[in-house]
Amino acid sequence: METILFLAHTEADGTLAKPALEALGTAVNLKNSLPGATLLAGFIGGSTQEAANRVAACGAAKFLAVTGPEFAASRYSTDASAAEALCRSAQATIVIAAGTSRWARVLPGVAQRLGGMSDTHVTGVTAANGVAVNRWYYRQRMEATLTRKQRPWVMLIDPASQPAWDGTAGTASLEQVAVALTDAHQRTTVTGIRQPAADAQTIRPEANLLFVAGAGWTKKQADGQPHVKDAEQLIHNFLKATRSSLGSSKSLVDLGGEGQAVLSFLSHLNQVGQTGSTPRHPKGLATCCHGEEPHTVGWRFINERRAVNLDPNCGWARGKADVLYVCDAFAVMKKVNELLGG
Ligand SMILES: Cc1cc2nc3c(=O)[nH]c(=O)nc-3n(C[C@H](O)[C@H](O)[C@H](O)COP(=O)(O)OP(=O)(O)OC[C@H]3O[C@@H](n4cnc5c(N)ncnc54)[C@H](O)[C@@H]3O)c2cc1C
C-alpha cells in the first residue's frame, strides 16, 4: 500500500503557485488509481494555512505543515530539514512535488537522507502495472517509462506538463510538525531580490503563445540592407500587445557574441532547441527562423505550430509546422501589430 505525500512550498504571499496544483493533480490521480493508497498533504512556508485551505477538498487524510519565518525563503538547509521532517511524519512511500527551482535543488538530497530515490523532470505518473513515471531523455527525443522498487520515491513533476488540480477551497485542519533548527541552518539569508523590470522579462511560461525570432530578422532584406531596429520595434510591440513569451534560435542569440547587431532584449535564456529550452506553450509562431532540427526539437511540446519564412523549402515546410506562411515577416508583423492596435 502506498502512502503518497503531496509536498508544496508556499509562495511569499502564502498561496500555492500553479506548478504545485499540477503536482497535486498528479498525486490525486495516482491515489485514485491505486486501491488502498493514502494521500497526505504537506506544506512548508512562512504561512501555510491559506495554501492548505485552497486544497482542503483534495481528499488528503492529513494536512501537515512546517511553518515559520525561517521557512519562508528558499534555503537548502531549512527546506531540506522541513521536507525531511514532513516525509518522516507522513511515513511517505511516494512524495510528489512540483519541479520548481526551489524543490529541484532540495528534494533529491532529501531522498538521499531518507534512503530513497528521486526522479526529476517527471512528465507523467501511472499505476497500470505498479507505479511508473514518464520522463524524456536526450533533449526530449526519447520518452522512457521507469518503475522503482525503492521507497520513498520522490517525484518532481515538470511544470506545465500536467493539468492543475481545480477542486474547491475549504478549511483544512493543519497539523504542525516541529523542526529543530540550529544557527548553522540559518547562516544563509536572503537580503533582496534582483529581477528584470516587468517589461524586460520576455520569458513567460504562462503565456498562450511562444513567439520565436530567428536570425533572419538581422539579415539583409530585399533592399540589400539589414533592418535590425525595425525588427526590434516590431517584435517589442507584438510582445507588449500580446504578452507572448519570446523564444529565439541559437543563431540569433549567438550573433551577439560575434559583436553583430542583435535584438537588445534577447539573451541565451531565450534560446529554444537542442542546446536551449523545451517550452510548453500551447501555440508557437516562428518568424525568420529556418526550422532546422536542432531548433525544432525544442518545440516537442508546442501543440499548434506556425511559421513565417520567405523560403518555401525551409525546415518548417518539411513537416515541422502545421501552417507555413511563405512571406516577409516584417510585412506580416507590421500588419499583425496594426490589427492588435499597436
Ligand atoms: C549541436 C548543435 C546544437 C544546436 N542547438 C540549437 C538550439 O538549441 N537551438 C537552435 O535554434 N539552433 C541550434 N543549433 C543550430 C541550428 O542547427 C541552426 O543553425 C539554427 O537554428 C539556425 O537559426 P535560424 O533559423 O534563426 O537562422 P538561419 O538558418 O540563418 O535562418 C534564417 C531564416 O530567416 C528567413 N528570413 C530572412 N528574412 C526573412 C523575412 N523578411 N521574412 C521571413 N523569413 C525571413 C530565411 O529564409 C531563413 O530561413 C544547433 C546546432 C548544432 C550543431
If you take the residues of region 295-342 that are aliphatic (A, V, I, L, M) and touching a Ser or Thr at 6+ places or on another chain (Cβ under 6 Å), which of them is nearest to residue 208 (Cα to Cα)?
-> 308
Could you please tell me which pairs satisfy a Cβ distance under 6 Å, a separation of 6+ or placement on different chains, a first residue in region 321-342 that is without any contact (Cβ under 8 Å) to a residue 60 or more places away in the chain, and a second residue that is aliphatic (A, V, I, L, M)?
-> 321/307; 324/307; 324/317; 325/308; 332/308
Output for region 255-301, where each listed residue is in a loop (DSSP other than H, G, I, E, B) and under 19 Å from the mean Cα position of the chain (by Cα) = 267, 273, 274, 275, 276, 278, 279, 280, 281, 282, 300, 301
May I ask you to list pairs of residues, at least six apart or on different chains, whose Cβ atoms are under 6 Å apart, with the first in region 220-242 being part of a loop (DSSP other than H, G, I, E, B) and the second being of a type in the set (S, T, N, Q)?
-> 226/218; 227/221
Tally of residues being modelled with pLDDT of 95 or more and either part of a loop (DSSP other than H, G, I, E, B) or among the aromatic types (Phe, Trp, Tyr) (or both) across region 128-138 = 1
Check region 193-202 and report whether any residue there is in the same structural domain as residue 264 (by TED's automatic domain parsing), surrounded by 13 or more Cβ atoms within 10 Å (Cβ to Cβ) and not in a helix (DSSP H, G or I).
-> yes
Which one of these is more than 16 Å from the ligand (Cβ to nearest atom), at pLDDT 95 or above, in contact with a strand residue (DSSP E or B) (Cβ under 9 Å, 6 or more places away or on another chain) and closer than 30 Å to residue 311 by Cα: 174, 209, 156, 146?
-> 209
Looking only at region 1-46, which residues are part of a strand (DSSP E or B), farther than 16 Å from residue 176 by Cα and in contact with a Phe, Trp or Tyr (Cβ under 8 Å, 6 or more places away or on another chain)?
-> 39
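Based on what the data block shows, is residue 301 in the same structural domain as residue 271 (by TED's automatic domain parsing), at pLDDT 95 or above and not β-branched (Val, Ile, Thr)?
Details: in the same structural domain as residue 271 (by TED's automatic domain parsing): yes; at pLDDT 95 or above: no; not β-branched (Val, Ile, Thr): yes.
For residue 301, the condition - in the same structural domain as residue 271 (by TED's automatic domain parsing), at pLDDT 95 or above and not β-branched (Val, Ile, Thr) - is not met.
The values are calculated or read from the model by the stated rules, or taken from the named source; none is laboratory data. On a predicted model such as this, the values are computed, not experimentally measured, just so you know. In this analysis, Cβ positions are derived from the backbone assuming ideal geometry, glycine residues included, and neighbour counts consider all displayed protein chains.
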